[in-house]
Amino acid sequence: MITARTLNPGIATGEVIRLTAPLSFWGGTDENGRIIDAHHPQCGVVLAGRVLVMESGRGSSSASSVLAEQIRAHTAPAAIILARPDTIIALGALIAHELYDLTTPVVVVDGPLPVSGRLRVDAGPTGATISPLMHEYGGCGEEECAGGEG
């Protein structure tokens, strides 16, 4: 388990997508949550429903409104894990929570970032935890095992 600082609270699970370069949601992604920035190393990758892991965002204050609209349309990442705080990304998630009552956790990790696997991000007002979900390997996380399956 990894501990983190909460920028926007919420709980989410998803498969990790680790970006090797910062990303701006404005001009960098489309309405389906796909990276469309032709200069980005992961151009073409879909972020929707995944746990996005990256060092930081790449600016443009308009990126917060793009992220908020992707959250509304359910084409945003399920959660966002950052190495450095990014107020524009946090603001987009906060706006979506206030306007649409939809939560997308945004957290900052001190230390190594997760690179692969399926994770659960549980971000509360006083801190966050990031836990691996192991159903692919014969075990399961709490969410998958809640009904006795897994």
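The values are calculated or read from the model by the stated rules, or taken from the named source; none is laboratory data. Computed from a predicted model, the values in this text were never measured in an experiment. Virtual Cβ from ideal backbone geometry, glycine too; neighbours counted across all protein chains shown. Surface accessibility is based on the protein's heavy atoms, side chains included, excluding ligands, DNA and RNA. Shrake-Rupley method; radii C 1.70, N 1.55, O 1.52, S 1.80 Å.
Below are the figures for this structure:
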item: Extreme residue, positive dipole direction of segment 28-137, given options S65, A96, I81 (C-beta unit charges); result: I81
item: In order through segment 46-57: 3J(HN,Hα) via Karplus (6.51 cos²θ - 1.76 cosθ + 1.60), integer Hz, x for Gly, Pro; result: 8, 8, 3, x, 9, 8, 7, 10, 7, 4, 6, x
item: Residues of the chain: accessible area per residue with a 1.4 Å probe, Å²; result: 49
item: Cα-based equivalent ellipsoid, the chain: semi-axes from gyration tensor eigenvalues, Å; result: 24, 17, 15
item: Percent accessible area from carbon and sulfur atoms, the chain, protein chains only, probe 1.4 Å; result: 54
item: Difference of contour (0.36 nm per residue) and Cα-Cα distance, S131 to D30; result: 33.5 nm
